[in-house]
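Below is one structure, written out as structure tokens; comments come after it.
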Amino acid sequence: MEPVAGPLHNEGMLDKVREAIQRHGMFAPGMRVLVAASGGADSTALLHALVRLRDDLGVELVVAHLDHRIRPESGDDLAFVRDEAGRLGLPFVGERTDVPAFAREKRLNLEGAARIARRQFLERAAGEVGAERIALGHTQTDVAETVLLHLVRGAGPRGLRGILPATFPYVRPLILVSREETRAFCREGGIPVRDDPTNEDRKLLRNAVRLEVLPVLARFNRKVEGALARAAGLCADAEEALDWTADLGLAEVSRPDGVDLALLRSLPRSVQALVVRRAAEAAGAALEAGCVERVLDAVRAGRGELHVSGGLAVRVGSGVLSFGRTADTPTPVGAWELPDRGELTVPELGWAFRLSTVPRPESLVPPNPRVAYFDPRKIFLPLIVRSARPGERLRPLGMEGTKRVRDLLMEARVPRWERARWPVLVDRRGIAWVVGVKVSDDHRVMPDAIEVLAVEARRL
């Protein structure tokens, strides 16, 4: 049986629901929509509004309700929604779960546990009935409350978006409608609802915002909910622009082994923060604002390591910002021979090398630290690239004694996590070059040398 049509006030709310659906592309003809119904005024108004509009929209409706078993009378809510679905001639999917027990098991607060349980149920139910969309009863009032809650917590544009109209498969057709309007819709249409007494508990912050803060703000602007919702929309637009900027910035500063520090530093600090956050997301970590600031401090210093969620570490060193596992990197096993011609690529170490014989240059100081010169008469071929072994030493160019490779890497400020896979160049006598750090004095170019072996290294 169709719900009784109410006065023109009802038609005004339906117009807003229709506008939200069209503006945000919530449905397409032929879709099956799972309507989440709690029995309260918002979700019940949503259900009846969609019933009124379903022929115009060309959608099929299925009603869903989860009994959280938080209140003794919650079973009555399940029966109420099931009966209402039957009265409207709609299929019904219902389930009961012990949210308090789930909260204790997972060590969550009750609200958080209820959200997780509800989402799992709705997505499972949608799959069972073949629904492509899940309609939720969030209103403009919910958007206003969320903006204030996030503002109190110091959120940026992302948090101040409030509740988005659509995050598929979830859609919110009441996003332009106030809570007052949903109650009026039900009251004037003779539609029964069930009120949840926990909505009056002012110890819950959201309830306190709705019952205490919003009324005070309404004294200064009677349309404060709409104003906050408009602000949320502007923040959503700003966040979209920031997302675009972050993607563009990350593409410009990325290289195969991470983010180029020099290029990153050339960006405004605010854009650096966006790029760092996006790079972290790409690596599977969500960085809070304080953590982003610590990463930027490390970027400015040129070195550092921060452990973040998901077992990841943010690492800054050797001109690169990268993400890796928090456990130490295992030492790569293997040795790779440099060819006489062409380039040797060693993905295991993250480097490539090229060997050439050239006339002795006027200056034996290489053009950059990643080029080394050797006297061909002092090299006992073949030249091998591998990682350093524990305790290995060499006599650095111009020094009398020897030094451990480990100490040389520390002095060169090679990050700890890169030392296990840092390459060394060796011949049959030992280490000729700790790449990019020190050349061995035993392999130096002699004054009478006519030619030199030039080895060029580059990061992959």
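What follows is calculated from the coordinates using simple rules that are stated; it is not laboratory data. Just so you know, these numbers come straight off a predicted model, no measurement behind them. Methodologically, a virtual Cβ is constructed for each residue, glycine included, from the backbone with ideal geometry; neighbour enumeration extends over all protein chains shown.
Quote the charge dipole size of the chain about the Cα centre in Debye, to the nearest 20; the model charges only the Cβ of Lys and Arg (+1) and of Asp and Glu (-1). Walk me through the intermediate numbers first.
Numbers: 68 positive and 63 negative charges, 342 e Å.
Value, rounded to 20: 1640 debye.
Would you work out the charge dipole size for the stretch 242-389 about its Cα centre, treating the Cβ of every Lys and Arg as +1 and the Cβ of every Asp and Glu as -1, and quote it to the nearest 20 debye?
Charge dipole, the stretch 242-389, about its Cα centre: 480 debye, nearest 20.
What are the equivalent ellipsoid semi-axes of the stretch 58-130, built from the alpha-carbon gyration tensor (square roots of five times its eigenvalues), in whole angstrom, biggest first?
25, 15, 7
In 10 Å bins starting at zero, report the fraction of Cα pairs in the stretch 184-295 per bin as a rounded %.
Going out from 0 Å in 10 Å bins, the stretch 184-295 shows 11, 25, 21, 19, 16, 7, 1 percent.
Which loop trypsin sites (Lys or Arg not before Pro) in the stretch 209-297, with loop taken from DSSP, have no more than 13 other Cβ atoms within 10 angstrom of their Cβ?
Details: sites: Arg210, Arg219, Arg222, Lys223, Arg230, Arg265, Arg269, Arg277, Arg278, Arg294; in loops: Arg219, Arg222, Lys223.
The qualifying sites are Arg219, Arg222, Lys223.
Report the local net charge at Leu409: Lys and Arg +1, Asp and Glu -1, summed over other residues whose C-beta lies under 12 Å from its C-beta. Kindly include the intermediate steps, with their values, before the conclusion.
Values: positive: Lys403, Arg404, Arg406, Arg413, Arg416, Arg419, Arg421, Lys438; negative: Glu392, Asp407, Glu411, Glu418.
Result for the local shell: +4.
When you take every Cα atom in the stretch 1-134, what is the radius of gyration, and what is Dmax, the widest Cα pair distance, in Å?
Values for the stretch 1-134 (Cα only, Rg and Dmax): 15.8, 49 Å.
For Lys16, give me every one of the lysines with a C-alpha distance below 24 angstrom, ignoring sequence neighbours fewer than eight places off in its own chain.
Straight-distance partners of Lys16: Lys223.
Got a sec? How would Ser266, Ser38, Ser322 order by Cβ neighbour count within 10 Å, fewest to most? Mind dumping the intermediate values first?
Details: Ser266 12, Ser38 22, Ser322 19.
Ordered by Cβ neighbours within 10 Å, fewest first: Ser266, Ser322, Ser38.
Return His68, His443, His307, His138 ranked ascending by Cβ neighbour count within 10 Å, so the fewest neighbours appear first.
Starting with the residue having the fewest Cβ neighbours, the order is His307, His68, His138, His443.
Quick one: work out the % antiparallel among DSSP beta bridges in the chain, nearest 5. If you can, show how the numbers build up before the last one.
On the way: 49 of 64 bridges.
Just about 75 percent of them are antiparallel.
Against the longest principal axis of the chain, how steep is helix 289-301, in degrees 0 to 90 to the nearest 10, with axes from Cα atoms?
20 degrees
Starting from the eigenvalues of the Cα gyration tensor, five times each then square-rooted, give me the equivalent ellipsoid semi-axes of the stretch 256-325, largest first, whole Å.
On the way: eigenvalues 52, 35, 24 Å².
Here the semi-axes work out to 16, 13, 11 Å.
For every other residue with a beta carbon closer than 11 angstrom to the beta carbon of Met13, add +1 if it is Lys or Arg and -1 if Asp or Glu, then tell me the sum.
-2
Given the C-alpha atoms of the chain, compute the convex hull and give its volume per residue in Å³.
196 Å³
Cα extents of the stretch 8-231 along the three principal axes, largest first, in whole Å?
Dimensions of the stretch 8-231 along the principal axes of its Cα atoms: 46, 45, 33 Å.
Please identify every one of the GluC sites (Glu not before Pro) in the stretch 254-318 that sits in a loop by DSSP and has no more than 11 other beta carbons within 10 Å of its own beta carbon.
Glu288
With a cap of 12 neighbouring Cβ atoms within 10 Å, and only residues DSSP puts in a loop, list the GluC sites (Glu not before Pro) found in the stretch 366-418.
Those satisfying the criteria are Glu400.
Placing +1 on the Cβ of each Lys and Arg and -1 on the Cβ of each Asp and Glu in the chain, which of Pro91, Pro192, Leu263 has its Cα farthest towards the positive end of the resulting dipole?
Leu263
Hey, what angle do you get for helix 224-253 against the long axis of the chain, alpha-carbon based, 0 to 90 degrees rounded to 10?
Roughly 20 degrees between the two axes.
Hey, could you grab the Kirkwood Rh for the stretch 323-438? Inverse mean 1/r over distinct alpha carbon pairs, Å, one decimal.
Result for the stretch 323-438, one decimal place: 15.2 Å.
Helix 179-188 versus the longest principal axis of the chain: what is the Cα-based angle in degrees, 0 to 90, to the nearest 10?
With rounding to tens, the tilt is 30 degrees.
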